[in-house]
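Notes for the one structure printed next.
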Amino acid sequence: MTTTTISTSSGPLTVAAEVPAPGLLSFEIPAEVSPTSQYRWILSHHEGTALAAFETPAEATAAAHAVAPLADWSRNAMTAAQEISFGGNTELLMELLKAHGGQHPNA
């Protein structure tokens, strides 16, 4: 099982995660974290940077498959960000995340 550690206001928490595409993680935030948010599923870079929040695991997985070709997500976060930016794909990344139900991670 893959895990990831997330930062919360009460300290770090380790949660179970799926790997829907190389270098990307999908996980559910614990019930005690942002309890009123309907966006419980996070798609993140493997180093922890959240890309978007989703209502369902299926949406997060679909978004991961959609954005996977935009960068080598298995590299560090800065390298992936540069690939997307220098490749002129920043807007496309945001459009793909939104098209699959993605919201700002703090929604």
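The values are calculated or read from the model by the stated rules, or taken from the named source; none is laboratory data. Remember, it's a predicted structure, so these values are computed and weren't measured experimentally. Virtual Cβ from ideal backbone geometry, glycine too; neighbours counted across all protein chains shown. What goes into the accessible areas is simple: the full protein's heavy atoms, side chains included, and nothing from ligands, DNA or RNA. Shrake-Rupley method; radii C 1.70, N 1.55, O 1.52, S 1.80 Å.
Between residue 5 and residue 38, what length comes free when the chain is fully extended (0.36 nm per residue of separation minus the Cα-Cα distance, one decimal in nm)?
Full extension from residue 5 to residue 38 adds 9.8 nm.
What figure in square angstrom, to the nearest 10, would you give for the accessible area of residue 100 with a 1.4 Å probe?
Ignoring ligands and nucleic acids, residue 100 comes out at about 60 Å².
Using only helices, what value at 222 nm comes out for the chain when you add -39,500 (n - 2.57) per DSSP H run of length 4 or more and divide by the total residues, to the nearest 500 deg cm²/dmol?
-8500 deg cm²/dmol
Can you work out the Karplus-derived ³J(HN,Hα) for every residue in region 57-67? Use 6.51 cos²θ - 1.76 cosθ + 1.60 with θ = phi - 60°, whole Hz, and x for glycine or proline.
Values, residue by residue: x, 5, 5, 4, 5, 4, 5, 4, 5, 5, 8 Hz.
Go through region 29-42 residue by residue and turn each phi into a ³J(HN,Hα) via Karplus (6.51, -1.76, 1.60, θ = phi - 60°); whole Hz please, and just put x for glycine and proline.
6, x, 4, 7, 9, 6, x, 8, 6, 7, 8, 8, 10, 10
Apply the a/c threshold of 1.5 to the C-alpha gyration tensor of region 1-44 and tell me whether it is rounded, prolate or oblate.
Oblate.
Treating the beta-carbon of each Lys and Arg as +1 and of each Asp and Glu as -1, no other charges, what is the dipole magnitude of the chain about its Cα centre, to the nearest 20 debye?
That gives a dipole near 80 debye.
Sorted by accessible area (1.4 Å probe), largest first, how do 40, 75 line up?
Ranking 40, 75 by accessible area, largest first, yields 75, 40.
Once phi is turned into θ = phi - 60°, what whole-Hz ³J(HN,Hα) does the Karplus curve with 6.51, -1.76 and 1.60 give for every residue of region 7-21, x standing for Gly and Pro?
My calculation for region 7-21 gives 8, 10, 5, 9, x, x, 10, 9, 10, 6, 9, 9, 10, x, 7 Hz in order.
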